[in-house]
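For reference, the structure is listed below as structure tokens.
The values are calculated or read from the model by the stated rules, or taken from the named source; none is laboratory data. On a predicted model such as this, the values are computed, not experimentally measured, just so you know. Note: ideal-geometry Cβ built from the backbone for every residue, glycine included; neighbour counts use all protein chains shown. Heavy atoms of the whole protein, side chains included, go into the accessibility calculation; ligands, DNA and RNA do not. Shrake-Rupley method; radii C 1.70, N 1.55, O 1.52, S 1.80 Å.
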Amino acid sequence: SHKQLNAELLSVKSPKESLVEDGFEKDGNESTVSITVVGASGDLAKKKIFPALFALYYEDCLPKHFTIYGYARSKMTDAELRNMVSRTLTCRIDKRENCNEKMEQFLKRCFYHSGQYDSQEHFAVLDKKLKEQEGGRTSNRLFYLSIPPNIFIDAVKCASLSASSGNGWTRVIVEKPFGRDSESSAALTKSLKQYLTEDQIFRIDHYLGKELVENLSVLRFSNLIFEPLWSRQYIRNVQLIFSEDFGTEGRGGYFDHYGIIRDIMQNHLLQILALFAMETPVSLDAEDIRNEKVKVLRSMRPLQLEDVVIGQYKSHTRGGVTYPAYTDDKTVPVGSLTPTFAAAALFIDNARWDGVPFLMKAGKALHNKGAEIRVQFRHVPGNLYNRNFGTDLDRATNELVIRVQPDEAIYLKINNKVPGLGMKLDRSNLNLHYAARYSKEIPDAYERLLLDAIEGERRLFIRSDELDAAWSLFTPVLKELEEKKIIPEYYPYGSRGPVGAHYLAARYNVRWG
Ligand code: NDP
Ligand code: BG6
């Protein structure tokens, strides 16, 4: 609730306390939470979901009574699942004490059930096993669909018909991709809604669980100095940049069907943009925030073909090592035109942002790894000090950088006098460097999101109208790129990406930060 969020903002209450208040441990009939990881044998389950659940357990954030079930087709015993899971669990740096003991306790609460995703009978057996663990308490059930999208509906159908809770809540976390265009996404939503209400569906975008993305609203709305500047009047352009220094190795089959625009831009970067650009919500309530995000998305112009540059990485040899081309992956079709890089210019046609370019850039196999938001401000009108910067006036503008990862930071580039007798200026950073300022380790995005789903907090999950609005912006251009078979600009593995991205930015008078 609103109150709860405010209290959390002020750190009044620990997550554990709020669980108690939310009715998990009322009246002698203590409730339980059963978490079923559907697709437990897979990559995401191993890499992210089980470690996040353990971290929550370690931090005392899970309710007293909980059970975790892995569900997949692979044959595995409970012991084998525990063994698999134990290899990816880590303890936080903060307090490593009792780590092994905690792990053992946690693993004892993990079980495995092997079944088909489209078998109601198999889910009915799971239901029976869950009931045994729940021991007659009020049962709340969370299903995490960590499976490929073509089996989402089967699994949702069987879970909801055969294994939903009889007396508590049932919620389902759905992983992306939520379709691959407006039509398929609408069809997915329609099918999900045959079995679940919108309230039960938790569409995850893990970027919303990242610390600095969550902090965006705090930065804007709880500091007097930013919000008045947050408009076309002072902001020249906004850049949303994602890069990885590795290719699609091992995930080529999935990736080729989607490409970088669907994989990163339509969801992760667009979500950041919506949070960045939305009007002040009425409250911190999930619906109020999501209402504002939808409004921004619906004020945007669908992306135009001339405002997109696409690229694909090619093989490159450096220091005697040969890095593969995207199409060297055996799971990628020969001659695939799927973009592994894209740059795009987007516009919000409302009073606040009229004419301000929002530039996105996302790519795999680039020279570095990171995600950041860069806000470039306008020139100071009639700046007394312009001549101290020579001809490169661009250098004299302020820039606010929010570095989402790695090495989280928020810094503001300001003009400053170089100490000394002369009058020389330089650009320095007012720097909030998280590692220097906060000693506590930053939780993984999946921890926050899982905890929110357990608590029924929907603020960081994607509502279906948001999803529709997001697809409307990208679907026409995706179709055009595919129909016209636009050839991507090839860039060497480990490079800065296609030079076309610079021409695109230059058309709007922007220089990438
Ligand atoms: P996997 O390909 O590892 O699949 C998960 C499990 O699903 C597998 O272990 C397998 O279990 C089962 N499965 C796989 N293919 C099929 C199939 N064709 N038919 C039936 N069952 C199948 O996926 P990930 O763990 O990588 O991802 C899970 C979900 O999360 C996907 O929707 C993905 O798009 C999304 N995602 C993944 C990310 C990642 O980093 N991996 C990042 C963001 C989203 P079994 O054979 O035992 O039944
Ligand atoms: C996923 C994409 O959603 O995000 C991957 O499908 C990408 O392609 C990943 O690698 C990046 O997430 P993170 O948290 O590592 O930046």
Exercise. Would you mind checking which residues have amide H under 5 Å from ASN398's amide H? H placed 1.01 Å from N; only 5 or more apart, or other chain.
Key: PHE377
Quiz item: Given charges of +1 on the Cβ of Lys and Arg and -1 on the Cβ of Asp and Glu, with all other atoms neutral, how large is the dipole of segment 302-427 about its Cα centre, in debye to the nearest 20?
Solution: 460
Exercise. Note the per residue figure in Å³ for the convex hull of the C-alpha positions in segment 383-478.
Key: 201
Quiz item: Going toward the positive end of the dipole of segment 324-473, with +1 on Lys and Arg Cβ and -1 on Asp and Glu Cβ, which of PRO333, ASN431, ASN415 do you reach last?
Solution: ASN415
Self-check item: segment 156-271: relative contact order as a whole-number percent, Cα under 8 Å and 6+ apart
Solution: 26
Practice problem: Mind jotting down a quarter of the surface of the convex hull over the alpha carbons of the chain, in square nanometres, one decimal? | Solution: 27.1
Exercise. Find, to one decimal place in angstroms, the Kirkwood hydrodynamic radius of segment 213-350, where the mean of 1/r is taken over every pair of different Cα atoms and then inverted.
Key: 17.6
Quiz item: Quick one: Cα centre-to-centre distance for segment 475-510 and segment 64-132, in angstrom?
Solution: 44
Practice problem: Can you check what the Kirkwood hydrodynamic radius comes to for segment 197-258, Cα pairs only, in Å to one decimal? | Solution: 15.8
Quiz item: When the Karplus curve 6.51 cos²θ - 1.76 cosθ + 1.60 is applied with θ = phi - 60°, which whole-Hz ³J(HN,Hα) does each residue of segment 127-134 get, with x for Gly and Pro?
Solution: 4, 4, 5, 4, 4, 4, 5, 6
Quiz item: Could you give P(r) for segment 44-177, binned at 5 Å from zero, as whole percent values over all Cα-Cα pairs?
Solution: 2, 10, 19, 22, 21, 15, 7, 3, 1
Practice problem: List, in order, the whole-Hz ³J(HN,Hα) value for each residue of segment 152-166 obtained from phi through the Karplus relation with A = 6.51, B = -1.76, C = 1.60 and θ = phi - 60°; use x for Gly and Pro. | Solution: 3, 5, 3, 5, 5, 4, 5, 5, 6, 7, 10, 9, 7, 6, x
Quiz item: Using mean Cβ contacts within 10 Å as the protection proxy, how do 48-58, 408-418 order, highest first?
Solution: 48-58, 408-418
Self-check item: Extension gain (nm, one decimal) between ASP426 and ASN350, 0.36 nm per residue minus Cα-Cα
Solution: 23.8 nm
Quiz item: Restricting attention to the alpha-carbon atoms of segment 261-315, what are Rg (one decimal) and Dmax (integer), both in Å?
Solution: 14.5, 51
Exercise. Specify the angular offset, from 0 to 90 degrees and rounded to the nearest 10, of the alpha carbon long axis of helix 211-221 from the longest principal axis of the alpha carbons in the chain.
Key: 60
Self-check item: segment 175-284: translational diffusion in µm²/s, Stokes-Einstein, Kirkwood Rh over Cα pairs, 37 °C, 0.692 mPa s
Solution: 197
Quiz item: Which number comes out as Rg/Rh for segment 134-182 once both Rg and the Kirkwood Rh are worked out on C-alpha atoms?
Solution: 1.07
Exercise. Show that you can apply the helix-only estimate: for the chain, add -39,500 (n - 2.57) for every DSSP H stretch of four or more residues, divide by all residues, and state [θ] at 222 nm to the nearest 500.
Key: -9500 deg cm²/dmol
Exercise. Would you calculate the separation in nanometres between label points at ASP43 and LYS485, each defined as 7 Å from the Cα along the Cα-to-beta-carbon direction?
Key: 2.9
Quiz item: Against the longest alpha carbon principal axis of the chain, how many degrees, from 0 to 90 and to the nearest 10, is the axis of helix 445-455 turned?
Solution: 50
Quiz item: Once amide H atoms are built 1.01 Å from N in the peptide plane, which residues 5 or more positions from VAL356, or in another chain, come under 5 Å H to H?
Solution: ILE348
Practice problem: Would you work out which of LEU284, THR88, ALA365 lies farthest towards the positive end of the dipole of the chain? Charges go on Cβ: Lys and Arg +1, Asp and Glu -1. | Solution: ALA365
Quiz item: Residue by residue, what Karplus-based ³J(HN,Hα) values in Hz, rounded to whole numbers, does segment 355-361 have, using 6.51, -1.76 and 1.60 with θ = phi - 60° and x for Gly and Pro?
Solution: x, 7, x, 9, 9, 10, 9
Self-check item: Rounded to 5, the percent of DSSP beta bridges in the chain classed as antiparallel
Solution: 55
Quiz item: Of the listed peptides 443-449, 258-264, what is their order by residue-averaged count of other C-beta atoms within 10 Å, with the highest listed first?
Solution: 258-264, 443-449
Practice problem: Using a 1.4 angstrom probe, figure out how much accessible area segment 392-513 has per residue, in square angstrom, rounded to the nearest whole. | Solution: 50
Quiz prompt | Nearest 10 degrees, 0 to 90: helix 182-195 Cα axis against the chain principal axis | solution = 30
Quiz item: On the accessible surface of the chain, probed at 1.4 Å, how many percent belong to carbon and sulfur atoms?
Solution: 51
Exercise. Report the extension gain between TYR411 and ASP285 in nm, rounded to one decimal, defined as 0.36 nm multiplied by the number of residues separating them, less their alpha carbon distance.
Key: 42.5 nm
Quiz item: Mean separation of Cα pairs under 8 Å and 6+ residues apart, divided by the residue count of the chain: what relative contact order is that in percent?
Solution: 17
Self-check item: Within segment 244-318, GluC sites (Glu not before Pro) in DSSP loop having at most 15 other beta-carbon neighbours inside 10 Å
Solution: GLU249, GLU279
